[in-house]
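Structure, as structure tokens:
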Amino acid sequence: MTAPAPTSAPIELIDLQAQRARLGGRVDAAIARVLEHGRFIMGPEVRELEERLAEFCGVGHAVSCSSGTDALLMALLALRIGPGDAVIVPTFTFAATAEVVALVGATPVFVDVLAETANLDPAGLVGALHAARGAGATPRAVIGVDLFGQPADYDELEGFCAEYDLVLIADAAQSFGATWRTRRAGAIGDLACTSFFPAKPLGCYGDGGALFTDDDELAATLRSLRVHGQGTNKYDNVRIGLNGRLDTIQAAVLLEKLAIFPDELVARDRVASRYQEALADAVGVLEVRQEATSAWAQYTIVVDDRDGVASRLKEQGVPSAIYYPKPLHQQPAYEAFPTASDGLTVSEHLADHVLSLPMHPYLDEATQDRVITAVRSATA
Ligand SMILES: *Cc1c(COP(=O)(O)O)cnc(C)c1O
């Protein structure tokens with residue numbers, strides 16, 4: 001056990017060292033084993049991790065890869081989405097969601113999000129189809145983003161994709177471990193992508209990601225894409241692929257972290273519930289839908305005078321972060337792409353008012369109370 005932190009200890013937004021202390025020597029030993037066996041590329045830990053991930057999510061296949069962004073890219077490549085195609089994405093997300101669509105030469109079409117959850121608003125989907133066709137592109141897929149850790153409204157998204165014959169891709173970069181009804185993120189959508197970036201709910205010590213699917217053929221295509229489109233052997237190239245492998249060392253780290261992850265999810269939920277109870281009467285809070293549980297990648301509040309609140313928090317030693325200060329349809333790189341309606345007003349409003357607070361499984365009650373007190377006084 002480590003001694004309780006003094007009340008003046010700096011507060012971390014995400015405290016990876018607390019997790020490291022809990023893991024003790026296990027990660028170091030796991031890395032040492034890889035250094036010993038020397039199979040740094042596609043070593044045995046990679047295969048083992050994929051089995052554990054698939055089991056954890058309750059899905060047929062987990063294909064590990066080099067990052068969450070590459071997972072999304074590989075999803076589009078596997079589906080042969082490219083020039084002339086359109087992919088519907090929320091505008092209030094991390095750039096990678098739309099970036100990969102543009103990278104493969106397809107057209108991202110932006111839709112707004114819901115004020116209550118900050119996730120894709122299904123009411124914008126039909127307008128997005130019109131916008132795609134208006135831009136001369138054929139709608140092929142929807143990417144549902146599970147922002148801040150909560151799955152998007154997959155009842156609505158699955159119904160819409162079935163009706164219009166679109167592929168549903170879940171950007172579960174922030175929601176690994178979350179659930180929608182009886183399914184875990186990973187087992188939702190035709191294909192799901194996640195990220196193991198260090199600050200994500202399940203993070204490694206570098207870049208990493210994974211794709212999930214129940215489709216055997218798609219899984220085989222993804223495994224081929226990951227190693228330059230290989231066929232029966234390394235020098236047989238049956239499709240254009242990339243180097244999208246997860247390092248063995250990162251797989252070894254993830255195996256150790258996955259072992260404590262269910263416990264961390266419970267702790268994350270406990271921290272988030274305490275915030276919700278202590279702050280709901282003072283600031284805007286996002287809601288978790290009754291069909292969902294969140295992995296709480298972030299705990300995000302909605303406040304007036306956001307920048308003032310952030311600086312008053314900082315004065316009191318409480319860090320905060322803005323995810324995201326500008327919706328993608330307003331970014332220079334993306335502003336020429338079609339949008340579902342003239343204004344994506346909820347996203348624009350959230351971009352000006354969201355603030356994410358310290359959130360991790362090891363946030364003890366005393367530290368959390370310092371955050372809560374600071375937020376209440378900064379917004380009073
Ligand atoms: C982090 C993130 C990604 C990209 O993951 P990387 O591993 O950093 O490439 C994609 N989408 C969303 C919503 C994310 O939060």
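The values are calculated or read from the model by the stated rules, or taken from the named source; none is laboratory data. For clarity, every value in this text was computed on a predicted model and none was experimentally measured. Cβ: placed from backbone, ideal geometry, glycine included. Neighbour counts: every protein chain shown. Protein only, heavy atoms only, side chains kept; ligands, DNA and RNA dropped before computing areas. Shrake-Rupley method; radii C 1.70, N 1.55, O 1.52, S 1.80 Å.
Things worth noting here:
- Matching residues, segment 121-139, being within 30 Å of Ile301 (Cβ to Cβ) and touching a residue at least 60 places away in the same chain (Cβ under 8 Å): Asp121, Gly124, Leu125, Gly127, Ala128
- Filter result (touching an Asp or Glu at 6+ places or on another chain (Cβ under 6 Å) and of a type in the set (Val, Ile, Thr)) within segment 124-149: Thr138, Ile143, Val145
- Pairs, first of a type outside the set (Ser, Thr, Tyr) in segment 162-176, second within 16 Å of the ligand (Cβ to nearest atom) and open to solvent by 20 Å² or more (accessible area, probe 1.4 Å), C-beta under 6 Å, six or more apart: Leu168/Gly189; Ile169/Gly189; Ala170/Gly189
This table checks each residue for (1) within 9 Å of the ligand (Cβ to nearest atom); (2) not small (Gly, Ala, Ser).
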{"position": "Phe176", "(1), (2)": "no, yes"}
{"position": "Arg184", "(1), (2)": "no, yes"}
{"position": "Cys193", "(1), (2)": "yes, yes"}
{"position": "Pro201", "(1), (2)": "no, yes"}
{"position": "Gly209", "(1), (2)": "yes, no"}
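- Note on segment 125-240: enclosed strands (runs of 3 or more DSSP E) holding 3 or more residues that are at negative phi and out of contact with any Ser or Thr (no Cβ under 8 Å at 6 or more places or on another chain) are 138-145, 167-171.
- Within segment 9-55, restricting attention to residues that are assigned to a loop (DSSP other than H, G, I, E, B) and without any contact (Cβ under 8 Å) to a residue 40 or more places away in the chain, the residue that is surrounded by the most Cβ atoms within 10 Å (Cβ to Cβ) is Gly24.
- Boolean, Leu279 is out of contact with any Gly (no Cβ under 8 Å at 6 or more places or on another chain), touching a residue at least 12 places away in the same chain (Cβ under 8 Å), within 16 Å of the ligand (Cβ to nearest atom) and under 24 Å from Ala374 (Cβ atoms): no
- Subset tally (residues that are surrounded by 22 or more Cβ atoms within 10 Å (Cβ to Cβ), free of Cβ contacts under 8 Å to residues at least 40 places away in the same chain and assigned to a helix (DSSP H, G or I)) for segment 83-120: 1
- Members of segment 259-314 that are of a type in the set (Asp, Glu) and out of contact with any Pro (no Cβ under 7 Å at 6 or more places or on another chain): Asp263, Asp269, Glu277, Asp281, Glu287, Glu291, Asp304, Asp305, Asp307
- Within this structure, Val309 passes the test of being over 22 Å from Ala173 (Cα atoms), open to solvent by less than 20 Å² (accessible area, probe 1.4 Å), among the aliphatic types (A, V, I, L, M) and part of a helix (DSSP H, G or I).
- The residues of segment 50-75 that are touching a helix residue (DSSP H, G or I) at 6+ places or on another chain (Cβ under 6 Å) and within 16 Å of the ligand (Cβ to nearest atom), listed by number, are Ala62, Val63, Ser64, Cys65, Thr69, Leu72, Leu73, Met74.
- Of all residues in segment 56-80 being among the hydrophobic types (A, V, I, L, M, F, W, C) and part of a loop (DSSP other than H, G, I, E, B), the one that is nearest to Leu211 (Cα to Cα): Val59
The rows are residues; the columns are (1) in contact with a helix residue (DSSP H, G or I) (Cβ under 7 Å, 6 or more places away or on another chain); (2) crowded, with 20+ Cβ neighbours inside 10 Å; (3) of a type outside the set (Lys, Arg).
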site: Glu163; (1), (2), (3): no, no, yes
site: Arg184; (1), (2), (3): yes, yes, no
site: Thr194; (1), (2), (3): yes, yes, yes
site: Lys200; (1), (2), (3): no, yes, no
site: Cys204; (1), (2), (3): yes, yes, yes
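- Residue satisfying condition, being over 17 Å from the mean Cα position of the chain (by Cα) and among the hydrophobic types (A, V, I, L, M, F, W, C), within set Ala278, Ala292: Ala278
- Taking the conditions (1) assigned to a helix (DSSP H, G or I); (2) of a type in the set (Ser, Thr, Tyr); (3) over 22 Å from the mean Cα position of the chain (by Cα) in turn, Ser347 satisfies each one other than (3).
- Test for Ala278: is it surrounded by fewer than 19 Cβ atoms within 10 Å (Cβ to Cβ) and assigned to a helix (DSSP H, G or I): yes
- Any chance Arg80 is without any contact (Cβ under 8 Å) to a residue 60 or more places away in the chain, closer than 24 Å to Phe160 by Cα and either within 16 Å of the ligand (Cβ to nearest atom) or surrounded by fewer than 21 Cβ atoms within 10 Å (Cβ to Cβ) (or both): yes
- Of the residues contained in segment 109-120, one or more are found to be out of contact with any Asp or Glu (no Cβ under 8 Å at 6 or more places or on another chain) and either more than 19 Å from Gln331 (Cβ to Cβ) or at pLDDT below 95 (or both).
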